[in-house]
1. Under DSSP H, which helices of chain A have Cα atoms covering 18 Å or more of the helix axis and a Kyte-Doolittle average no less than -1.0?
2. Which residue, B:ARG35, B:ARG154, B:ARG172, tops the fluctuation ranking in a GNM of chain B built on C-alpha contacts under 10 Å?
3. Roughly speaking, what is the centre-to-centre gap between segment A:386-450 and segment A:233-253 when only Cα atoms are used, to the nearest Å?
4. How big is the equivalent ellipsoid of segment A:363-501 along its three axes, where each semi-axis is √(5λ) from the Cα gyration tensor, reported in whole Å from largest to smallest?
5. Given charges of +1 on the Cβ of Lys and Arg and -1 on the Cβ of Asp and Glu, with all other atoms neutral, how large is the dipole of chain B about its Cα centre, in debye to the nearest 20?
6. Report the far tail of the P(r) of segment A:91-351, meaning the percent of Cα-Cα pairs longer than 35 Å.
7. Taking other Cβ within 10 Å of each residue's Cβ, how do B:HIS289, A:HIS275 sort, fewest first?
8. Counting every Cα pair in segment A:111-237, what percent are over 23 Å apart?
Amino acid sequence: MSEINAVKTPIVVEPTLFELSSPGRTGITFPKSDVPTAKLPESLRRNILPIPELAEVDVIRHYMHLSSFNYSVDGGFYPLGSCTMKYNPKINEDIARLPGFANTHPLQTIETVQGNLALMFTMQEWLKEISGFAAVTLQPAAGAHGELTGVLIMRAYHQSRGDAKRVKMLIPDSAHGTNPASSGMVGLNIVQIPSDPNGNVDLDALKAECDDTVVGLMLTNPNTLGLFDEHVEDVIKTIHACGGLVYGDGANLNALLGILRPGDVGIDVMHFNLHKTFSTPHGGGGPGSGPVGVTAALEDFLPAPIIGIVDEGNEELPPLYGYIHPAKTIGRVKAFNGHFGVILRAFTYIAMHGPDGLRKISEYAVLNANYLQARLRDTFHVPFERICMHEFVAEGIVKGSDVRALDIAKRLMDYDFHPPTNYFPLIVHEALMIEPTETENKDTLDAFADALIKIAEEAKTDPQLLHDAPHKTPFGRMDEVKAARELVLCCWLPEDYSSAE
Amino acid sequence: MTYIPHSPNERDAMLETIGVKKLDDLFKDIPARHRFPDLNLPPTLSEMEAAAELAGYAEANETTQTMVSFLGAGAYRHYIPSAVDHILSRGEFYTAYTPYQPEISQGTLQSIFEYQSLMTLITGMEVSNASHYDGATAVAEAVNLAYAQFRGKRTKVIVSPSVHPQYRETLRTYTQGMGLSLVGDDARDDIDSGPKEIETLIDENTALVVVQYPDFFGRIFDYTELAAKVHQTGGLICVAVNPTALAILKTPGEMGADIVVGEGQPLGIPLSFGGPYLGFFTTLKKYIHKMAGRLVGETVDNRGQRSYVLTLTAREQHIKRDRATSNICTNQGLLALASAVYLSLLGQKGFKQVAELCYNKAHYAAEQINKIEGYSVCFDTPFFHEFSVCCPRPVSEINEHLLEHGIMGGYEVGKDYPSLKDRMLIAVTEMNSKEEIDLLVDVLKEVNHE
């Protein structure tokens, strides 16, 4: 038994809000009513409201205890491939909380929210400039939502031309899992396109599927192997030649700021992930924001409304910003104006970086990924001998050991690192997908590489140490089978709980 | 200003390890004629300059704080206890990713588990997912559930015309490629009839009926009979709710709803010009395998400690790919946390108190407005904290006048229901004092006299 295993872990479980509840407690009181009481019809009244009762201090301590169980970007290195877990600047948080933004109602008349609308208009312009597209909507709520928007736009475009037989979406095997799901939601048939030996889209396989039933191709470039497709212009030309459109999955845009504008190489539609590329925090699973950019030919199909200038103004009057409904819009994809609070953070980030700073982001994101790849290549096999972009995929296999990528990932936690994405992409055996981002310094990258190299040693000398990892975290490996079999999905107040009333 | 920490020496050492001379050498795969475009963007700003510039945008707005507001229509101004934002501002919560590694994500996982519990209790349902983008998309996902439940064999979805117009529009967008027919709200302005009208549309082909509670016009209908009618032909019923109202109102669960969804913004989330908000989604256990979105379940770790994991992930896009009910991935984690913190601070007492304040103040306002010559409350149906007023003049004119007096009037119903251009939807919450309501009444009187 290893030394670490011998350390007895204290039980750290935090009671639930429901277990902490005590009848009659409350964390806040409200003013007495200054109007007469109105009667609610008895037949409509609810009898019991069995939610917990806690004092403010109980609530704060509960969540403080829970917060200590979380790994976060503020706490350490988070090289989760495809997720772009870069540092989230603090100023962005302050900006989103300014009362002049936070207290605006989405249905205010445009004259009273010119600050918001001017900012959103400018954001559309900036994203157009960064990506090379003709128009942008800020409405979609997340990356997958942007994909759905984009696929609906592609479908609407073909339908508007009376081209109803196009039902086939081509998706490379190196794509994100959301791509097929987004196409499936719109009722399209998915055809998977294999990768060639260099990690590019297999051009011959692509050509074989290209006919007049193709809606388009959903291309992630750089792809989920972290590789820029060496034949990207041929791939796009091939799709265009059969009348299809090319969707660009913008999840990996952190490699391309000031390096390449996707619109310039012929991508027709693309979503941005403001919560990846433009530093807005992931919030433990959202909110994201997934604006979509399109070429001029697709502009009329964007979700309504987009932000535009509705009155040019003159020497004395500034332009008036307002809502514009594209002529052939697919309609709304959500209520109101998109994730404005997220857009504010991303806007602040872009404003501070400027054009040179944006290019620097991608340069250093790619530098960091290649540096880690170079340091780890001798220890963990990287299937493609190429310069990578902002991330790379290694095989989590150690010769002469039965440890798997999962074990390596879990063991990394003992070294106080968040593991890379594992078992994705599916086309690499025991994948470890590593994306360091530009905000990490050389010391951190070295410590991470050293840890992985040491873990590879451990895999040979003490594989059980890895199978049982993590050891130093407050919780060990979970019984996922039990969770799925028993399906305990919520908790309640104890049965003998009596409310104070 | 950038957040890149490298010194020139470190950069050069790293380039050397990689085996290239300069940064540009890393980008040889990029087509040369498009490589390194000049971006026409404003030059870099320091944090100080950016803060000032952004403050300028913020100052160019009027807000619900600088004015007296009676605007609702799906987004409501409520008091947010200070502690909510203190919790949300913890980097351990807001800078974490989706909890894929449960050993180091128990904070997020347990808080989602508690959120799920709270939502099922408020709606009177059995299970809740970890959230959707907003109320509108949660309604659209209810259609996805019903579509999957009947494997596409039932193709009719009935939507009440008094479901929020933007939710209905979103639903139409989502279902474009699904071969469904959406009926019940086609260009009809006849919203006076209530749920009885909908019952006549139900048939064997009906997959789902969607209603709202309180509805867009603020009205409260008991949908028990409607639910029974839907179930007679085997269809499902989805009720979109305002969660604040459920602090005092009979739950859709009691009425027999199959799916209860809604906009969680009233639960401690700032108006923030429309987002990010919180779509919540609750249903019955028997539909769980067709429900989209993340789900947290209880389990134990290998040390015997109670803990939580993402469960039933085989339903989701990254495994089921094109056969998944939905493509949803990132959702509204931090906003779900906000609502759970809000609810746990308010507790039974506080949550009821907020709902009662809303109810009483809205009814006071309705009574006073109803007394003004030329104005009347349009329906005699019970309502919660929002009601429609039939006005003597177009609402846009009235609102302009109110604006001059520092009041944001109610929503102009005619924007979505063209024949109802004289109707104003007025929302009153605990944030509106009696003085504010009296001021509104006084100014409305003036408008009539002009």
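Every number here is computed from the coordinates shown, using simple stated rules; none is lab data. Predicted, not measured: the structure shown is a model, and the values here were computed from it. In this analysis, Cβ positions are derived from the backbone assuming ideal geometry, glycine residues included, and neighbour counts consider all displayed protein chains.
1. Flagged H segments are A:114-131, A:143-160, A:340-376, A:442-461.
2. Highest fluctuation among the options: B:ARG35.
3. Result: 30 Å between the Cα centres.
4. Each semi-axis is the square root of five times an eigenvalue, giving 36, 19, 15 Å.
5. 1980 debye
6. Everything past 35 Å amounts to 16 percent.
7. B:HIS289, A:HIS275
8. Of all Cα-Cα pairs in segment A:111-237, 42 percent lie more than 23 Å apart.
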